[in-house]
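Trainee: This is the structure, below, for whatever I ask next.
The values are calculated or read from the model by the stated rules, or taken from the named source; none is laboratory data. Predicted model only: the values in this text are computed from it and were never measured. Here the Cβ positions follow ideal geometry from the backbone for every residue, glycine too, while neighbour counts run over all protein chains shown.
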Amino acid sequence: SQTIHQWPATLVQPVGSPLSLECTVEGTSNPNLYWYRQAAGRGLQLLFYSVGIGQISSEVPQNLSASRPQDRQFILSSKKLLLSDSGFYLCAWRGLGRTANTGELFFGEGSRLTVL
Amino acid sequence: AQSVTQLGSHVSVSEGALVLLRCNYSSSVPPYLFWYVQYPNQGLQLLLKYTSAATLVKGINGFEAEFKKSETSFHLTKPSAHMSDAAEYFCAVTRTGTASKLTFGTGTRLQVTL
């Protein structure tokens, strides 16, 4: 079966410090991968998605970047964090086959980032 | 463009009462629609999905939703609420055939009281 892991689960960082959140999917090949941010009362905002190694699409201009160095690894980064980067970050994947055609995503457990 | 609107950011029901969470969608092409549930500090779990087959869709934990094209709605219901249903619920839409990105509503927090 497929699983998705995110780490760290919780992170407290000072303003101006760097960030690296990692997401790994197991049990599938060539998944589409997504980073969402969830802010209180604002639902989920799609930040980045990737359809393959080295292929990153950015949905909104921001202080963050994403990379996909391996097929099942997706990394969210920042060189200098802002207060507004605080939030709950969710990684998700969509696989091949039947579920790919109907579009549902499968989510990791999330990473809560607090920037002070 | 496609979007979903969830009416009511907070809904409170008594244990054993009917749960009704509202979702209206906007899409220029036939949509695929989803309901997800999120428990505190956890990721999102798929409850159910509509993919143009049966308009009444049954999901996990006793939830179901009905696709009504004339009303552009996809409301989530459960006949009898349980304390364990307390969570945040998200409606989401994607377009038929593209299946690349989901657009989420802002969520409805369900509170279940004794």
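Trainee: Out of the residues in region A:26-51 meeting the condition of being farther than 24 Å from residue B:108 by Cβ and within 13 Å of chain B (Cβ to nearest Cβ), tell me which one is surrounded by the fewest Cβ atoms within 10 Å (Cβ to Cβ).
Mentor: A:51
Trainee: Kindly evaluate residue B:64 against the criterion of being away from every other protein chain (no Cβ under 14 Å) and either acidic (Asp, Glu) or under 13 Å from residue B:31 (Cβ atoms) (or both).
Mentor: Criteria met by residue B:64.
Trainee: Let me ask something else. Which number in (1) more than 10 Å from every other protein chain (Cβ to nearest Cβ); (2) buried (at least 21 other Cβ atoms within 10 Å of the Cβ); (3) touching a residue at least 24 places away in the same chain (Cβ under 8 Å) marks the one condition that residue B:57 misses?
Mentor: (3)
Trainee: With a cut-off of at least 1 residues that are in contact (Cβ under 8 Å) with a residue 24 or more places away in the chain, name the strands (runs of 3 or more DSSP E) lying wholly within region A:13-116.
Mentor: Passing ranges, in order: A:19-26, A:32-38, A:44-52, A:65-70, A:73-78, A:87-94, A:111-115.
Trainee: Looking only at region B:1-50, count every residue that is in contact with a strand residue (DSSP E or B) (Cβ under 6 Å, 6 or more places away or on another chain), of a type in the set (A, V, I, L, M), part of a loop (DSSP other than H, G, I, E, B) and at pLDDT 95 or above and tell me the total.
Mentor: 0
Every residue, every condition in (1) more than 14 Å from chain B (Cβ to nearest Cβ); (2) modelled with pLDDT of 95 or more; (3) over 20 Å from residue A:43 (Cβ atoms); (4) over 12 Å from the mean Cα position of the chain (by Cα), yes or no:
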residue	(1), (2), (3), (4)
A:54	yes, no, yes, yes
A:68	yes, yes, yes, no
A:81	yes, yes, yes, yes
A:86	yes, no, no, yes
A:93	no, no, no, no
A:98	no, no, yes, yes
A:105	no, no, no, yes
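Trainee: Then there is this: Out of the residues in region B:62-87 that are in contact with a Ser or Thr (Cβ under 7 Å, 6 or more places away or on another chain) and of a type in the set (Asp, Glu), state the one that is farthest from residue A:105 (Cα to Cα).
Mentor: Across region B:62-87, the extreme among qualifying residues is B:66.
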